[in-house]
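Here is the structure we will look at, set down as structure tokens.
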């Protein structure tokens, strides 16, 4: 059985409603601190987000394990406005001292970046906040320590354990867990240095493809 977070990522409103009617907490977190609202925001599930916030009173400022609120996951201006209209803190900063505009720049959500600036939210001066000046700055800097951090992250046992657990569960019951695996991969990439992401994403994509294939074979 998929989790409420996975159901939200699939925009499966009926299943989310079923879980909540059975007593699950609307603010329940998964292993990364994601809630159903984080997922609804990330996958632009507008009607689901409205239901979670307006009918079930989901916490719009709840933080995941890195201090990101659902606002940090928004890829569209419509979702940004929905969260802000319902009390989201535009100026919240995560554990790294970065705000939602920084994430939008990092993920290349250009419309969101422009929208945040119109709303008065400017990117911080934290590393990797984007822009040509930042790129020039880091091109001239010794980045070897960041390469080492990225390699370490790929070999992190906690990350590997999570991937293995998902793949083993897929082999056991044949349930498609692509959304859950993609979530793990996304968090992994967010924790690595920008100059290593392309290489790492190729290796992680192979893991996702393998898990998807095993899911089909298990069925």
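The values are calculated or read from the model by the stated rules, or taken from the named source; none is laboratory data. A quick note: this is a predicted structure, and the numbers were derived from the prediction, not measured. Heads up, the Cβs are rebuilt from the backbone with ideal geometry, glycines too, and the neighbour counts pull from every protein chain shown.
From the list 142, 156, 173, the one residue that fits, being at pLDDT below 70 and over 20 Å from the mean Cα position of the chain (by Cα), is 142.
Just checking, how many residues over the stretch 159-181 are more than 15 Å from residue 1 (Cα to Cα) and either surrounded by fewer than 17 Cβ atoms within 10 Å (Cβ to Cβ) or touching a residue at least 60 places away in the same chain (Cβ under 8 Å) (or both)? Residues that pass the stated criteria total 4. Out of the stretch 87-98, which residues are over 16 Å from residue 123 (Cα atoms) and either crowded, with 16+ Cβ neighbours inside 10 Å or within 15 Å of the chain's Cα centre (by Cα) (or both)? The one that is over 16 Å from residue 123 (Cα atoms) and either crowded, with 16+ Cβ neighbours inside 10 Å or within 15 Å of the chain's Cα centre (by Cα) (or both): 88.
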